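The values are calculated or read from the model by the stated rules, or taken from the named source; none is laboratory data. Small disclaimer: the values here were computed from a predicted structure and weren't measured. Backbone-built Cβ (ideal geometry, glycine too); neighbour counts: all protein chains shown.
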Amino acid sequence: MKDPVLYCKSYKRDFLRLKRLLESVRKHNVDQIPFYISTPEDQIDDLKSILGSDGGYQWVSDESIIASNPRAVPGIEKNRSGSLAQQAIKSEFWRLGISENYVCLDSDCVFLKDFHRDDFIAPDGNPYTVIYQNKEFFQLSINRGHAKVVENLQLEGDYVKDMFGRKGPNYYCPCPPFIWSSRVWRSLDEQFLAPKGLTFWDISTDECPETLLYLEALFKFQAIPLYPIEQMFRIYYYDWHFYLLQRLGESKNNLSKNYLGVIYQSNWDSAMDFGAPQKSVLSRANRRLKRFLRYLQSYC
């Protein structure tokens with residue numbers, strides 16, 4: 001087993017972003033950590049046309065990951081939204097037995113500087129865990145009039161925490177890279193899901209994200225020691241977040257002092273969408289106008 005590996009579950013719309021990520025991995029992957037990419041089987045030709053067929057990555061199909069869970073209903077991903085299917089597939093990658101630990105990336109990630117195995121794995125071989133209370137972003141959201149964002153994340157934290165019967169503060173790791181241990185996922189499956197006749201697909205919902213399930217399973221079953229680290233990439237959750245921090249002097253050059261990389265979330269940064277636009281001209285024009293207004297608001 002190669003430990004750890006990098007892993008990204010992607011799909012057609014994100015292939016240009018994935019190409020950008022791959023280029024940054026090639027440039028900064030000092031220890032040559034293997035990089036795995038999964039997509040639906042019917043998108044492999046498009047993937048190769050964008051990334052090439054021999055470009056520093058290894059491909060596995062989403063379907064093979066789904067099938068690796070003997071209790072999962074074949075074709076279950078077809079009855080889930082794309083976002084929920086993606087959550088489950090990323091969280092079930094461990095079942096392939098490729099690596100004990102994996103660094104889970106999204107297509108909109110970009111590495112900004114060299115990284116090594118020991119950025120993710122402690123000296124005793126256990127992975128670090130990205131975990132924090134997210135207070136900086138919560139306060140910034142409140143300051144800028146986006147308190148609903150805070151409320152939604154707190155509701156998610158309360159919901160998943162209650163599932164496991166834990167009391168105390170909410171902890172988060174809302175954005176990649178996630179450093180995940182197969183031992184934690186296995187403990188969730190064997191000690192929480194299987195006794196109830198459930199699979200990960202049954203509990204992964206919009207209110208119950210995979211990131212919180214991992215953290216609460218780690219707290220509950222203690223499959224690995226908790227070695228906490230802060231967020232490894234700077235994440236711009238929304239366009240207003242990006243504009244404001246840029247206005248305060250943040251740039252790629254100074255980000256690398258504290259972060260391995262950066263994430264321009266695709267839910268607001270649509271410039272790199274692959275393929276024909278899915279929204280009407282009017283809808284896209286309205287979106288650009290709102291984004292421009294949020295840009296102007298960053299001066300306030």
Hits in region 87-118 - residues which are touching a strand residue (DSSP E or B) at 6+ places or on another chain (Cβ under 6 Å) and assigned to a helix (DSSP H, G or I):
89, 90, 93
Return the total of residues in region 134-150 being in a helix (DSSP H, G or I) and either surrounded by 12 or more Cβ atoms within 10 Å (Cβ to Cβ) or in contact with a helix residue (DSSP H, G or I) (Cβ under 6 Å, 6 or more places away or on another chain) (or both).
8
Given 156, 151, 136, which one is closer than 19 Å to residue 262 by Cα, charged (D, E, K, R) and at pLDDT below 95?
136
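Among the listed residues 111, 120, identify the single one that is closer than 30 Å to residue 51 by Cβ, in contact with a Gly (Cβ under 8 Å, 6 or more places away or on another chain) and either surrounded by 17 or more Cβ atoms within 10 Å (Cβ to Cβ) or in contact (Cβ under 8 Å) with a residue 24 or more places away in the chain (or both).
Details: 120 fails: in contact with a Gly (Cβ under 8 Å, 6 or more places away or on another chain).
Every option except 111 fails the conditions.
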Please go through region 190-202 and give me each residue that is assigned to a helix (DSSP H, G or I) and either in contact (Cβ under 8 Å) with a residue 24 or more places away in the chain or of a type in the set (Ser, Thr, Tyr) (or both), ordered by number.
191, 192, 194, 200, 201
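Take residue 95 and tell me if it is charged (D, E, K, R), within 26 Å of residue 120 (Cα to Cα) and either surrounded by 15 or more Cβ atoms within 10 Å (Cβ to Cβ) or modelled with pLDDT under 95 (or both).
So residue 95 passes the test.
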Between 49, 53, which is farther than 29 Å from residue 119 by Cα, without any contact (Cβ under 8 Å) to a residue 40 or more places away in the chain and of a type in the set (Ser, Thr, Tyr)?
49
Tally of residues being buried (at least 23 other Cβ atoms within 10 Å of the Cβ) and small (Gly, Ala, Ser) across region 76-92:
2
Number of the condition not met by residue 166 [criteria: (1) more than 25 Å from residue 28 (Cβ to Cβ); (2) among the charged types (D, E, K, R); (3) part of a helix (DSSP H, G or I); (4) touching an Asp or Glu at 6+ places or on another chain (Cβ under 8 Å)]
(3)
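If we keep just the residues of region 154-198 that are of a type in the set (Gly, Ala, Ser) and surrounded by 15 or more Cβ atoms within 10 Å (Cβ to Cβ), which is farthest from the chain's Cα centre (by Cα)?
Filtering region 154-198 for residues of a type in the set (Gly, Ala, Ser) gives 157, 165, 168, 181-182, 187, 194, 197.
Among the residues that remain, those that are also surrounded by 15 or more Cβ atoms within 10 Å (Cβ to Cβ) are: 157, 181-182, 187.
Values: 157: 17, 181: 15, 182: 16, 187: 21 Å.
Filtering region 154-198 for residues that are of a type in the set (Gly, Ala, Ser) and surrounded by 15 or more Cβ atoms within 10 Å (Cβ to Cβ), the one farthest from the chain's Cα centre (by Cα) comes out as 187.
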Check region 51-64 and report whether any residue there is modelled with pLDDT under 95 and among the aliphatic types (A, V, I, L, M).
yes
Tell me the residue from 47, 22, 6 that is in contact with a strand residue (DSSP E or B) (Cβ under 9 Å, 6 or more places away or on another chain), surrounded by 13 or more Cβ atoms within 10 Å (Cβ to Cβ), farther than 25 Å from residue 256 by Cα and aliphatic (A, V, I, L, M), please.
47
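Tell me whether region 210-222 contains one or more residues that are crowded, with 18+ Cβ neighbours inside 10 Å, in a strand (DSSP E or B) and under 21 Å from the mean Cα position of the chain (by Cα).
If we filter region 210-222 for residues that are crowded, with 18+ Cβ neighbours inside 10 Å, which is where we start, we get 210-218.
From what is left, the residues that are in a strand (DSSP E or B) are none.
Within region 210-222, none of the residues are crowded, with 18+ Cβ neighbours inside 10 Å, in a strand (DSSP E or B) and under 21 Å from the mean Cα position of the chain (by Cα).
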Run residue 64 past the list (1) polar (S, T, N, Q); (2) surrounded by 16 or more Cβ atoms within 10 Å (Cβ to Cβ); (3) part of a helix (DSSP H, G or I) and report the number of the one that doesn't hold.
(2)
